[in-house]
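The values are calculated or read from the model by the stated rules, or taken from the named source; none is laboratory data. Source: prediction; values computed, not measured. Cβ coordinates were reconstructed from backbone atoms using ideal geometry, including for glycine residues, and neighbour counts include every protein chain displayed. Please note that ligands, DNA and RNA were not included when accessible areas were found on the heavy atoms of the full protein model with its side chains. Shrake-Rupley method; radii C 1.70, N 1.55, O 1.52, S 1.80 Å.
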Amino acid sequence: MRKQERHRLITRLLNENDIKRQEDFVSVLANEGVNVTQATISRDIKEMKLIKVPSVNGGYRYSVPHKNEENLSERLADLLQEAFLSADQMEKMVVLKTLPGNASAAANLIEKFFSKKLFAVLNDDDSVLMVARSEDNAKELYQEINSRSQKE
């Protein structure tokens, strides 16, 4: 399993389980068919910037930090202002073209910021394909992407 897929799985598992120790991660992931070492989990915790919060059952558990939407919005606007080339929409799909090497970062920010409107996001080196949950969501995404890409 690739790191990005494992990080998504860890995020989902944190919402479903009360994970208190790194060893608990190893066990829960093993139950999902993913064998990892405690050292890998330690690196994942650091990369994902997981935090410990009070647990309902006492003690502390791991959690994903709350996203600062303002910061996310600002980062997305900055990236689009620097790397945006074009956007197009067809039915539930929106395609974003960026300068080479920028699509991965754009896809990551878009996926986080527009998560409720998106079904899936795929990217390569210079383009991002967004599949929206509805045609209306796709129109909104297209408009937002274009408005955020305007130089101030």
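Could you tell me how many degrees, from 0 to 90 and to the nearest 10, lie between the Cα long axis of helix 135-148 and the main elongation axis, the longest principal axis, of the Cα atoms of the chain?
80 degrees
Of (1) 1.04; (2) 1.07; (3) 0.98, which one was derived for Rg/Rh (Cα atoms, Kirkwood Rh) from the structure shown?
(1)
Which shape class, rounded, prolate or oblate, goes with segment 1-79 when its Cα gyration tensor gives a ≥ b ≥ c as root eigenvalues, a/c under 1.5 marks rounded, and past that a/b bigger than b/c marks prolate?
oblate
State the percentage of accessible surface on the chain attributable to carbon and sulfur atoms; use a 1.4 Å probe and exclude ligands, DNA and RNA.
47 percent
Does segment 46-120 come out rounded, prolate or oblate, given a ≥ b ≥ c as the square roots of the eigenvalues of its C-alpha gyration tensor, rounded meaning a/c under 1.5 and, failing that, prolate meaning a/b above b/c?
Note, shape of segment 46-120 comes out prolate.
Summing -39500 (n - 2.57) over the DSSP H runs of n ≥ 4 in the chain and dividing by its residue number, what mean residue ellipticity at 222 nm do you reach, to the nearest 500 deg cm²/dmol?
-15500 deg cm²/dmol
Taking only pairs that are 8 or more places apart or on different chains, how many Lys pairs in the chain have Cα atoms under 12 angstrom apart?
6
Using each residue's phi in segment 79-89, evaluate 6.51 cos²θ - 1.76 cosθ + 1.60 at θ = phi - 60° and report the 3J(HN,Hα) Karplus result to the nearest Hz, with x for Gly and Pro.
5, 5, 5, 8, 10, 5, 10, 6, 9, 8, 10
Averaged per residue, what accessible area in Å² does segment 18-79 show with a 1.4 Å probe, protein chains only?
I get 66 Å² per residue for segment 18-79.
Under a plain spin-label model, where a point goes 7 Å from the Cα along Cα-to-Cβ, how far apart in nm are S134 and H7?
The two pseudo-label positions are separated by 3.1 nm.
So if I take the centroid of the Cα atoms in segment 85-114 and the same for segment 19-68, what is the distance between those two points in Å?
Their Cα centres are 30 Å away from one another.
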